[in-house]
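Peer 1: This structure is in structure tokens; I'll ask about it shortly.
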Amino acid sequence: MAAPPDVELSSALSLELLPTDPLLLILSFLDYRDLMSCCCLNRRLNQLSSHDPLWKRHCKKYWLISEEEKSRRNQGWKAIFISTYCDLGRYIHYYATLKKAWDDLENYLGQWCPRMISSLKESVREEDLDAVEAQIRCKLPDDYRCSFRIHNGQKLVVPGLMGSMSLSNHYRSEDLLDIDTAAGGFQQRLGLKQCLPLTFCIHTGLSQYMALESVEGRNKYEIFYQCPDQMARNPSAIVMFITGTSYLEWFTSYVNKVVTGGYPIIRDQIFRYVHDKDCVATTEDITVSVSTSFLPELSSVHPPHYFFTYRIRIEMSKDALPEKACQLDSRYWKITNAKGDVEEVQGPGVVGEFPIISPGKVYEYTSCTTFPTTSGYMEGYYTFHCLYYKDRFFNVTIPRFHMVCPTFKVSTA
């Protein structure tokens, strides 16, 4: 039915007349920037945008603020968001990810490597990071700065936070450097120009560096191990084994590997062995699994010499009968490099030992190998004899496991 001609249909609907609840629902979908903009539009939107529960989601999303911390601060959600933004606003796209990584790591260390917790340093101030930039005359990436606003690395101690590796005559344990120590190791020499060390091993002198500029063949913020080119005439010529494309990716991927059990904990240390879940073989009641690691400090690209270590776990099922107990007599290896060249090795025991395996028991050992190519694989078997039936011998399969060198670049210095 048509409206009477004397009714004005074009009357503007005032914002003041709209109900509050639908408006709050709409505002709850806005990001913090749009919500803050609404505060400046008019009096009604200012009042609605200041509704404290609207800011709870943003405090949790960007700053990981819990209900307990809110109670401790004795502030509203909006006040907490604004005060935190004033301090850490430049890191809003990194803070939650890095804070969660640090929290997860601390919780894990508290359970499995408690003495490492005491080596972590408290956060640094914004002005401390600015002072380092002035000292090295180079800008630090925001994700790196953000991490140090949470924890300033660790003390130079053993074991190192960034993982260990141990062989019979070689030991490596990498500390995550604090900001002042890192600044002191900032490089301007040819080959490592404008590179900042992130880690350091007291025993080997090995560091992982981050490139602060795109020079000498590196991408900006790329992270790498440096290795001298032994065949180059120029002593500044180095090879870079790439370990990360940014600090955020490098640190969070390492933490994820640690807290999900991807690296084994041995003697209260994180060992950087990588285990392939498919690299497991079971023969009768004995299971053999393998994890591997590449050692850049013992490797070379020129001449080609790629050093790997592997850790083997031999375990007998706890449900096996007692008469299944046996002893390892010998090993056989078939080693194949990327060119297809094959080497066969056979000998008594493993690493000079002849372990006895019984139901529920585990035997682990580490060994190493080198390849003239960037990758290769090993497979083979162990020969055991039964302890109860001494004339019975049988072979236990060692699953094929691959070893691959990380991506590397040659410096253009």
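The values are calculated or read from the model by the stated rules, or taken from the named source; none is laboratory data. Since this is a predicted model, take the numbers as computed values, not measurements. Here the Cβ positions follow ideal geometry from the backbone for every residue, glycine too, while neighbour counts run over all protein chains shown. The accessibility values were calculated without ligands, DNA or RNA, using every heavy atom of the protein model including side chains. Shrake-Rupley method; radii C 1.70, N 1.55, O 1.52, S 1.80 Å.
Peer 1: Mind giving me the FRET efficiency for Arg392 and Cys368? R0 is 45 Å, r the Cβ-Cβ distance, nearest 0.05 is fine.
Peer 2: Using R0 = 45 Å, I get an efficiency of 0.90.
Peer 1: Along each principal axis of its Cα atoms, how long is the stretch 139-220 end to end? Whole angstroms, biggest number first, please.
Peer 2: On the principal axes, the stretch 139-220 reaches 39, 31, 19 Å in Cα extent.
Peer 1: Please give the per residue volume of the convex hull enclosing the alpha carbon atoms of the stretch 69-125, rounded to a whole number of Å³.
Peer 2: 108 Å³
Peer 1: Then there's this: Taking R0 as 30 Å, what's the FRET efficiency between Leu64 and Trp112 from their Cβ-Cβ distance, rounded to 0.05?
Peer 2: Result of the calculation: an efficiency of 0.85.
Peer 1: Something else about it: Based on DSSP, what percent of beta bridges with both residues in the chain are antiparallel, to the nearest 5?
Peer 2: 100 percent
Peer 1: What distance in nm separates the two pseudo spin-label positions at Val280 and His93, each 7 Å out from Cα along the beta-carbon direction?
Peer 2: Simple spin-label model gives 4.1 nm for this pair.
Peer 1: Among Glu364, Glu213, what's the order by accessible area (1.4 angstrom probe), most exposed first?
Peer 2: The ordering from most to least exposed comes out as Glu364, Glu213.
Peer 1: Here's something else I'd like to know. Among Lys139/Lys193; Lys100/Lys277; Lys60/Lys99; Lys139/Lys257, which pairs are too far apart, with a Cα-Cα distance over 19 Å?
Peer 2: Going by Cα-Cα distance, Lys100/Lys277; Lys139/Lys257 fall outside the 19 Å limit.
Peer 1: Tell me, what does the Kirkwood hydrodynamic radius of the stretch 96-260 come to in angstroms if you use every pair of distinct C-alpha atoms?
Peer 2: 16.5 Å
Peer 1: Let me cross-check Cys86: its accessible surface, 1.4 Å probe, with only protein heavy atoms counted, in Å² to the nearest 10?
Peer 2: For Cys86, solvent-accessible area is about 110 Å².
Peer 1: With a 1.4 Å probe and all protein chains kept in place, how much accessible area does Met231 have, in Å² rounded to the nearest 10?
Peer 2: 130 Å²
Peer 1: Nothing charged except the Cβ atoms of Lys and Arg (+1) and of Asp and Glu (-1): what's the magnitude of the dipole of the stretch 76-115 about its Cα centre? Round to the nearest 20 debye.
Peer 2: I would put it at about 100 debye.
Peer 1: Let me ask you something else. With +1 on the Cβ of every Lys and Arg and -1 on the Cβ of every Asp and Glu, and nothing else charged, how large is the dipole of the chain about its Cα centre, in debye rounded to the nearest 20?
Peer 2: It comes to approximately 420 debye.
Peer 1: If the cut-off is 15 Å between C-alpha atoms, which aspartates and glutamates fall inside it for Lys409, apart from same-chain ones fewer than 8 positions away?
Peer 2: Glu216, Glu222, Asp229
Peer 1: Another question, if that's okay. Given a 1.4 Å probe and the protein chains all in place, what does the accessible area of Trp102 round to, in Å² to the nearest 10?
Peer 2: 0 Å²
Peer 1: Same structure, new question: Equivalent-ellipsoid semi-axes (√(5λ), Cα gyration tensor) for the chain, whole Å, largest first?
Peer 2: Semi-axes, largest first: 54, 30, 21 Å.
Peer 1: Just to be sure I understand: with springs between alpha-carbon atoms less than 10 Å apart, which residue in Cys201, Cys386, Cys40 has the highest mean-square fluctuation in the Gaussian network model of the chain?
Peer 2: Of Cys201, Cys386, Cys40, the most mobile in the Gaussian network model is Cys40.
Peer 1: When the chain is modelled as a GNM with alpha-carbon springs shorter than 10 Å, which of Asp391, Asp31, Asp180 fluctuates the most?
Peer 2: With Cα springs under 10 Å in the chain, the top fluctuation among Asp391, Asp31, Asp180 is at Asp391.
Peer 1: Measuring from label point to label point, each 7 Å out along Cα→Cβ, what is the Val345 to Gln230 span in nm?
Peer 2: 1.8 nm
Peer 1: Moving on to the next point. For the stretch 108-147, which GluC sites (Glu not before Pro) are in a loop by DSSP, counting at most 14 other Cβ atoms within 10 Å?
Peer 2: When the GluC sites (Glu not before Pro) of the stretch 108-147 are filtered for loop state and at most 14 Cβ neighbours within 10 Å, Glu122 remain.
Peer 1: Sticking with this structure for a sec: Rounded to the nearest whole Å³, what is the per residue volume of the convex hull around the Cα atoms of the stretch 22-88?
Peer 2: Hull volume normalised by residue count: 83 Å³.
Peer 1: Next up: State, as an integer percentage, the relative contact order of the stretch 275-408 based on alpha-carbon contacts under 8 Å between residues 6 or more apart.
Peer 2: 30 percent
Peer 1: If you take the beta carbon distance between Arg44 and Asp268 as r and set R0 to 51 Å, what does 1/(1 + (r/R0)^6) give as a FRET efficiency, to the nearest 0.05?
Peer 2: Plugging the Cβ-Cβ distance into 1/(1 + (r/R0)^6) gives 0.25.
Peer 1: Now, a different point. Can you tell me the relative contact order of the chain? Whole percent, Cα pairs under 8 Å, sequence separation 6 or more.
Peer 2: 11 percent
Peer 1: Calculate I(q)/I(0) for the stretch 1-160 by the Debye formula, one identical point scatterer on each C-alpha and no solvent, and give its log10 at q = 0.21 Å⁻¹ to two decimals.
Peer 2: -1.34
Peer 1: Place a label point 7 angstrom from the Cα of Glu213 along the Cα-to-Cβ direction, then list the residues of the stretch 109-142 whose backbone nitrogen is under 13 Å away.
Peer 2: Inside the label zone: 136-140.
Peer 1: What net charge is computed for the residues neighbouring Lys155, neighbours being all others with C-beta under 15 Å from the C-beta of Lys155, Lys and Arg scored +1, Asp and Glu -1?
Peer 2: Charge balance near Lys155 sits at -3.
Peer 1: Rank Leu54, Gln135, Tyr95 by how far each Cα sits towards the positive end of the charge dipole of the chain (+1 on Lys, Arg Cβ; -1 on Asp, Glu Cβ) and give me just the farthest.
Peer 2: So the residue we want is Gln135.
Peer 1: Also, quick follow-up: Just to be sure I understand the model, the point goes 7 Å from the Cα along the line to the Cβ. What's the resulting Leu27 to Ile82 distance in nm?
Peer 2: Once both label points are built, they end up 1.3 nm from each other.
Peer 1: In whole Å, what are the Cα extents of the stretch 275-408 along the three principal axes, biggest one first?
Peer 2: 52, 25, 23
Peer 1: Taking the chain as a Gaussian network, where each spring joins two C-alpha atoms under 10 Å apart, which residue of Asp319, Asp128, Asp87 fluctuates the most?
Peer 2: With Cα springs under 10 Å in the chain, the top fluctuation among Asp319, Asp128, Asp87 is at Asp319.
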